Structure formats: structure tokens, C-alpha cells
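Participant: Here it is: the structure, laid out below.
The values are calculated or read from the model by the stated rules, or taken from the named source; none is laboratory data. Predicted model, so just to flag it, every value in this text is computed and none were measured. Please note: Cβ atoms are built from the backbone with ideal geometry, for glycine as well, and neighbour counts cover all protein chains shown. Surface areas here come from the heavy atoms of the whole protein model, side chains and all, with no ligands, DNA or RNA. Shrake-Rupley method; radii C 1.70, N 1.55, O 1.52, S 1.80 Å.
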Amino acid sequence: MSMTEFDNSDILIRLPEVCAIIGLKRATVYKRIKAGDFPLPIKEGSAALWPRKEINTWIRRKIDAPRTAA
């Protein structure tokens, strides 16, 4: 892969996009981070950014996890 090419999963995304992708609210994302159940953000100045690849991995783990009836 050249310097001008990148995989879409290699981008950094902000919290609103993270929330839209995973279907959870901001407060829930931060509660899960605190509980160790969500990737830590990368801080860039005042911005919190997540690698899209880590969000994809988190989603895959949730999908692959055993499910129980409510």
C-alpha cells in the first residue's frame, strides 16, 4: 500500500461518528471506557479520536460474544 493509499479502517474518527456507528450515547461510551469495555481514545489537543479499526474490532467482539435471552 502506498503512502497515498489507505484502508478506510485506518482513519481516526470523533465521538459523534463513534456514537452513530455503534448506536450508543456519549455518556454510555465513556462509562464503558471507564469499565474497560471500550477502546481508549487518542487525545489530540482537546479532541478525542478513535481508530476506526479499533471500533470495528470492538463491534466484531460484541457480535461474536455468546448471547443470552433477556
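Participant: Return the residues of segment 4-13 that are more than 9 Å from the chain's Cα centre (by Cα) and either modelled with pLDDT of 95 or more or closer than 17 Å to residue 59 by Cβ (or both); say none if nothing qualifies. Quick ask: steps written out before the conclusion?
Facilitator: Of all residues in segment 4-13, those more than 9 Å from the chain's Cα centre (by Cα) come to 4-12.
Across segment 4-13, the qualifying residues are 7, 8, 9, 10, 11, 12.
Participant: Next question, about the same structure. Examine segment 16-31 for a residue that is small (Gly, Ala, Ser) and at pLDDT below 95, and state whether such a residue exists. First the steps, then the outcome.
Facilitator: Our first condition is that a residue be small (Gly, Ala, Ser); within segment 16-31, this holds for 20, 23, 27.
Next, from what is left, pick out any that are at pLDDT below 95: none.
No, there is no match, as no residue in segment 16-31 is small (Gly, Ala, Ser) and at pLDDT below 95.
Participant: Still on this structure: Among 17, 54, which is the only one that is out of contact with any Pro (no Cβ under 9 Å at 6 or more places or on another chain) and surrounded by 15 or more Cβ atoms within 10 Å (Cβ to Cβ)?
Facilitator: Only one candidate qualifies: 17.
Participant: Is it the case, given these coordinates, that residue 40 is of a type in the set (A, V, I, L, M, F, W, C) and either open to solvent by 80 Å² or more (accessible area, probe 1.4 Å) or in a helix (DSSP H, G or I) (or both)? Please lay out each step first, then the result.
Facilitator: Working: of a type in the set (A, V, I, L, M, F, W, C): yes; either open to solvent by 80 Å² or more (accessible area, probe 1.4 Å) or in a helix (DSSP H, G or I) (or both): yes.
So residue 40 fits the description; yes.
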